[in-house]
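> Quick one: structure below, then a few questions.
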Amino acid sequence: MDRAYDLAHELLGTAKQLSTPRDDWEPEAIEAAHWRPLPEPDWTWQASTLDGIVHALNEALQEAEWLPEREAPPLPHGATYSLGEWTQRAPLRRIVRGFAEPVRHVPLVSRVPEPVVLYLVHKLPGGADSLMVGGLVGAIVGPQLVIWTRDALPPPFVGSFLSQAILPMIAIPVLLMLRTPRAEQAARGSETGRPLLEILKMPRYILAVATGVVSYGVMAFVMTAAPVAMVKQGYGVDNATLGIQWHLLAMFGPSFFTGRLMARFGKERVTAFGLVLLAGSGAVALSGVALSNFWGSLALLGIGWNFSFIGATAMVTDCHTPAERSKAQGANDFLVFGVTAIVSFLAGSVMHSAGWVTINWAILPALALMLVPLVWQASRTKVAP
């Protein structure tokens, strides 16, 4: 199925590239009060390019006998799926204090086969994994800056805190170049979808959010306490910092293929495997206090977080429509990061009062509580061939 996956990405990228942007024009005043006909369209090569990719993807899915993990909602009678859009405009005439123009919108692929649509919907995670790749640079630079600047200013660690405060400022020029899509028209903007309370009652949404809360909370709880435990065992700040660096690399490194794993095995299975790895992290930590135990535990903690949190985030996207995205994702983020902030504060107190062993025993009940419904949900989900 790698060929189908590559074709699907090529299809979406090419459709975006060939489609006419909606904001690439300026209205033009026409003094003469007469209608101007649209010229004959010329988008043959764009349409033929996309048609070829759609045809190849449809053949690849048929050869692999691919089936979706779940049924798609039925389309209204007579409706079809199209892909891409060629927008053609021609000046019309000047009207009262404004401009008007005839517009012709033509899909580049007028009818997309249903297997292709289902594959695009179900098997492309939507970029959640690619967003994590940027963390790899921070995973290397951040901890090393702590080591290099620890004694730069008196007292110790002042330089480390200042360097970490300056580091995020590097992102400002990149953010200034960001161009977000324009807001939808008022008619579309009024479509808000279901009330948030109704979304919160969905069992699948509850499972996805709870899994995200547990995966992120467990990771933050253990990661916050780990450096303190390593220093307490006499391994020093440098070894503790390197341990966190390996942990961060393990968090973001798998993002290169997490999406493919979810496409192949299903979101629930990958998420459940991530929770198992988080539990394995606790087991490694409980087996001893050697430096290898700390580093191995933190590495498993990072990989487990990657699979479980990205999987849970992808599960959330299955529970809402585009109109409901802001409220559904907003509630999810509020719960996930609210709990993460709380457990991060608790980690130090628990570490001081009960110790490293208690930290790792404490995460196991929460992981087991989420694994049971997640495994049950995964067992009811079809696996793509």
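> Which of the residues spanning the range 150-174 are among the aliphatic types (A, V, I, L, M) and assigned to a loop (DSSP other than H, G, I, E, B)?
Ala152, Leu153
> Within the range 306-327, is even one residue over 25 Å from the mean Cα position of the chain (by Cα) and assigned by TED's automatic domain parsing to the domain that holds Asn239?
No, the conditions are met nowhere in the range 306-327.
> On to the next question. Based on this model, can you work out whether Ile303 counts as buried (at least 19 other Cβ atoms within 10 Å of the Cβ), in a helix (DSSP H, G or I) and modelled with pLDDT under 95?
No; evaluated as a whole, the condition is false for this residue.
> Give the number of residues within the range 306-324 that are surrounded by fewer than 21 Cβ atoms within 10 Å (Cβ to Cβ) and either on the phi > 0 side of the Ramachandran plot or of a type in the set (S, T, N, Q) (or both).
Count: 2.
> Do we find a residue being under 16 Å from Met219 (Cβ atoms), surrounded by fewer than 17 Cβ atoms within 10 Å (Cβ to Cβ) and at pLDDT 95 or above anywhere in the range 264-274?
No, the range 264-274 contains no residue that is under 16 Å from Met219 (Cβ atoms), surrounded by fewer than 17 Cβ atoms within 10 Å (Cβ to Cβ) and at pLDDT 95 or above.
Conditions (1) free of Cβ contacts under 8 Å to residues at least 24 places away in the same chain; (2) under 24 Å from Arg150 (Cβ atoms); (3) among the hydroxyl-bearing types (Ser, Thr, Tyr), marked per residue:
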| position | (1), (2), (3) |
| --- | --- |
| Met202 | no, no, no |
| Val213 | no, no, no |
| Val222 | no, yes, no |
| Thr241 | no, yes, yes |
| Gly259 | no, no, no |
| Phe294 | no, yes, no |
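> On the basis of being of a type in the set (A, V, I, L, M, F, W, C), within 19 Å of Gly274 (Cβ to Cβ) and surrounded by fewer than 18 Cβ atoms within 10 Å (Cβ to Cβ), does Ala362 make the cut?
So Ala362 does not fit the description; no.
The values are calculated or read from the model by the stated rules, or taken from the named source; none is laboratory data. What you see is a predicted model, and the numbers here were worked out from it, not measured in a lab. Positions of Cβ are generated from backbone atoms using ideal geometry, with glycine treated the same way; all protein chains shown enter the neighbour counts.
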